[in-house]
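Since the structure comes first, as structure tokens, the remarks are kept for the end.
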Amino acid sequence: MKTVNHWIGGKTVEGASGNYGPVTDPATGEVTTQVALASADEVDAAVRVAQEAFLSWGQSSLAARTKVLFAYRALLDANRDAIAELITAEHGKVHSDALGEVARGLEIVELACGITTQLKGELSTSVSNRVDVSSIRQPLGVVAGITPFNFPAMVPMWMFPLAVACGNTFILKPSEKDPSAANKLAELATEAGLPAGVLNVLHGDKVAVDALLAHPGVSAVSFVGSTPIARHIHTTASANGKRVQALGGAKNHMLVLPDADLDAAADAAVSAAYGSAGERCMAISAVVAVGSIADELVEKIRERAEKIKIGPGNDPASEMGPLITAAHRDKVASYVTGAAAQGADVVLDGTGYTVEGKENGHWIGLSLLDNVKTDSDAYRDEIFGPVLCVLRADTYEEGVALINASPFGNGTAIFTRDGGAARRFQLEIQAGMVGVNVPIPVPVGYHSFGGWKDSLFGDHHIYGNDGIHFYTRGKVVTTRWPDPADAPAGVDLGFPRNH
């Protein structure tokens, strides 16, 4: 059986704990790989390697860092398919989704290639007599990233390219459910010329995570995952004196006004709810239909959802793959099977779906629930699967109040032809990312990604300017130099005497 080991100091390092976790092919349910799970001692060893690398990398020139990043970008581009194949094999998402993930990660690498302008300081001259004040940004040291299973390449690339471009060294703890893509990213970085120890991949479970959160050699922690774990990461790491950005869960709403193009809204709802099998924190999981359009909108969504082709991610005909694990599949299914008892109308029930010849895969079909109540489990929880809830509101104001009452505030969208309504929505809605006729408003790389309320713990969003500020700290220098003309008598430096 294949074993995924750690990548420490620019090379493969075999796991020493004796503990391994299973990695399955979601399309078949078969265990294809085992991944080493690090002990606290292995975490300490990795941190020490990263600390040693920081001594030189943190002092390296911006030209040296960007040279590596440009080479890295070229290697990633040349290996898109290889990375996507690893994602599909272990996550299950279709190849086109996996390629899209790599492309979005590349955006941040490209941002990091231009880090020279982002790290420019400021200077104020003559704030007092011969006194100048300047501000600069410097790296933190060793920083860590803890990333989820749903985007095993993209989310790590939201973190480490900026971190190392800023002069830090990085320890990545990817999900143990689909670990191979992270190793491939690190191998390519080494091939691009990144010095040993600057980017390290340490596989593990809660033992490794808790060791990173407590380790005095780790200066900052980035996290993307569920809200309960994000809260734990933030609380624990902050208590240990670390800077933290912890992105949590979501319940993203799409408000559809009566004047909206319903065909466009239905297309958007299907792609945003069921794309990547709904396993993404920016999925639209709740549509709020305003006024008399609800019945027509639900029917249009149903017609489109029934045509989605579900199958293995490596089948070009597949539009949606399986879920990551059997346990997760069963949990997602439970929200559908219990929906009617909690007042919802089950328009589509995908819980009995399977693929012929691959019956042991983690399959589930698309589910559509109408007239969902706000106190039901399907509405309150982040399902993280292909289940779309439809709620109804009589007015725009009622719809906005419903959305703002949610404890989550990651992303949201409005579909309308009315510019005034859209403007009100973007100002009144309590969410960190807003789409206007855009169902999944993930910002481009040079803006920042992050939510409000229980969707983000910490002060900084991820990537963009927020990401650069997170991975650096400011320093202000006040300088006063004597005028050369005031040099002691007998010392002539060739400067004119002007007083």
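The values are calculated or read from the model by the stated rules, or taken from the named source; none is laboratory data. Predicted model only: the values in this text are computed from it and were never measured. Note: ideal-geometry Cβ built from the backbone for every residue, glycine included; neighbour counts use all protein chains shown. SASA here: full protein model, heavy atoms, side chains in, ligands and nucleic acids out. Shrake-Rupley method; radii C 1.70, N 1.55, O 1.52, S 1.80 Å.
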Query - Any chance residue 434 is under 25 Å from residue 249 (Cβ atoms), at pLDDT 95 or above and either more than 27 Å from the chain's Cα centre (by Cα) or outside any loop (DSSP other than H, G, I, E, B) (or both) - result: yes
Requested in this report: Answer yes or no: is there a residue in the stretch 254-264 that is touching a Phe, Trp or Tyr at 6+ places or on another chain (Cβ under 9 Å), within 21 Å of residue 157 (Cβ to Cβ) and of a type in the set (Asp, Glu).
Outcome: no
**Report entry** Residues that are under 28 Å from the mean Cα position of the chain (by Cα) and without any contact (Cβ under 8 Å) to a residue 60 or more places away in the chain, drawn from the stretch 382-402
**Finding:** 401
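Conditions tested, residue by residue: (1) modelled with pLDDT under 95; (2) open to solvent by less than 20 Å² (accessible area, probe 1.4 Å); (3) over 19 Å from residue 445 (Cβ atoms); (4) out of contact with any His (no Cβ under 6 Å at 6 or more places or on another chain).
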{"site": "87", "(1), (2), (3), (4)": "no, yes, yes, yes"}
{"site": "94", "(1), (2), (3), (4)": "no, yes, yes, yes"}
{"site": "106", "(1), (2), (3), (4)": "no, yes, no, yes"}
{"site": "110", "(1), (2), (3), (4)": "no, no, no, yes"}
{"site": "130", "(1), (2), (3), (4)": "yes, no, yes, yes"}
{"site": "133", "(1), (2), (3), (4)": "no, no, yes, yes"}
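For the stretch 265-280, what are the residues that are within 30 Å of residue 28 (Cβ to Cβ) and assigned to a helix (DSSP H, G or I)? So that I can check it myself, show each step before the final result.
Of all residues in the stretch 265-280, those within 30 Å of residue 28 (Cβ to Cβ) come to 270-280.
Passing the criteria: 270, 271, 272, 273, 274, 275, 276, 277, 278.
Could you identify the single residue in 50, 82 that is open to solvent by less than 50 Å² (accessible area, probe 1.4 Å), in contact with a strand residue (DSSP E or B) (Cβ under 7 Å, 6 or more places away or on another chain), of a type outside the set (Lys, Arg) and within 27 Å of residue 2 (Cβ to Cβ)? Can you show your working first?
Working: 82 fails: in contact with a strand residue (DSSP E or B) (Cβ under 7 Å, 6 or more places away or on another chain).
One residue alone meets the criteria, 50.
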Report summary line: In the stretch 451-479, anything open to solvent by 40 Å² or more (accessible area, probe 1.4 Å), assigned to a strand (DSSP E or B) and farther than 18 Å from residue 121 by Cα is listed as 452, 453
Report task. Would you please name the residue that is least open to solvent (accessible area, probe 1.4 Å), looking only at residues in the stretch 22-47 that are closer than 16 Å to residue 178 by Cβ and free of Cβ contacts under 8 Å to residues at least 40 places away in the same chain? Result -> 34
Query raised in the report: Picking from 347, 336, 332, which residue would you name as being of a type in the set (A, V, I, L, M) and farther than 26 Å from residue 25 by Cβ?
Result: 347
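It is to be established whether one or more residues within the stretch 318-339 are under 30 Å from residue 397 (Cβ atoms), of a type outside the set (Val, Ile, Thr) and in contact with a Leu (Cβ under 8 Å, 6 or more places away or on another chain). Please lay out each step first, then the result.
Of all residues in the stretch 318-339, those under 30 Å from residue 397 (Cβ atoms) come to 335, 339.
Restricting the remaining residues to those that are of a type outside the set (Val, Ile, Thr) gives 335, 339.
The next check asks that each one be in contact with a Leu (Cβ under 8 Å, 6 or more places away or on another chain); those that pass are 339.
Yes, because at least one residue in the stretch 318-339 is under 30 Å from residue 397 (Cβ atoms), of a type outside the set (Val, Ile, Thr) and in contact with a Leu (Cβ under 8 Å, 6 or more places away or on another chain).
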Report summary line: Residue count, the stretch 281-310, condition open to solvent by less than 40 Å² (accessible area, probe 1.4 Å) and outside any helix (DSSP H, G or I), comes to 11
Query - Extreme residue, most open to solvent (accessible area, probe 1.4 Å), among residues of the stretch 53-79 that are within 21 Å of residue 8 (Cβ to Cβ) and among the hydroxyl-bearing types (Ser, Thr, Tyr) - result: 56
Query raised in the report: Would you call residue 172 in contact with a Pro (Cβ under 8 Å, 6 or more places away or on another chain) and either open to solvent by 10 Å² or more (accessible area, probe 1.4 Å) or part of a strand (DSSP E or B) (or both)?
Result: yes
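For the stretch 1-108, please list each of the strands (runs of 3 or more DSSP E) lying entirely inside it that holds at least 2 residues being farther than 22 Å from residue 324 by Cβ. Don't jump to the end; show me each part of the working.
Details: elements: 2-4, 6-8, 11-13, 20-25, 30-36.
Qualifying strands (runs of 3 or more DSSP E): 6-8, 11-13.
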Report task. Scan the stretch 326-350 residue by residue and report those that are part of a loop (DSSP other than H, G, I, E, B) and among the acidic types (Asp, Glu). Result -> 349
Query - Pair list, Cβ < 9 Å and 6+ apart or interchain, from the stretch 1-21 residues that are acidic (Asp, Glu) to residues that are in a strand (DSSP E or B) and open to solvent by less than 80 Å² (accessible area, probe 1.4 Å) - result: 14/3; 14/6; 14/36
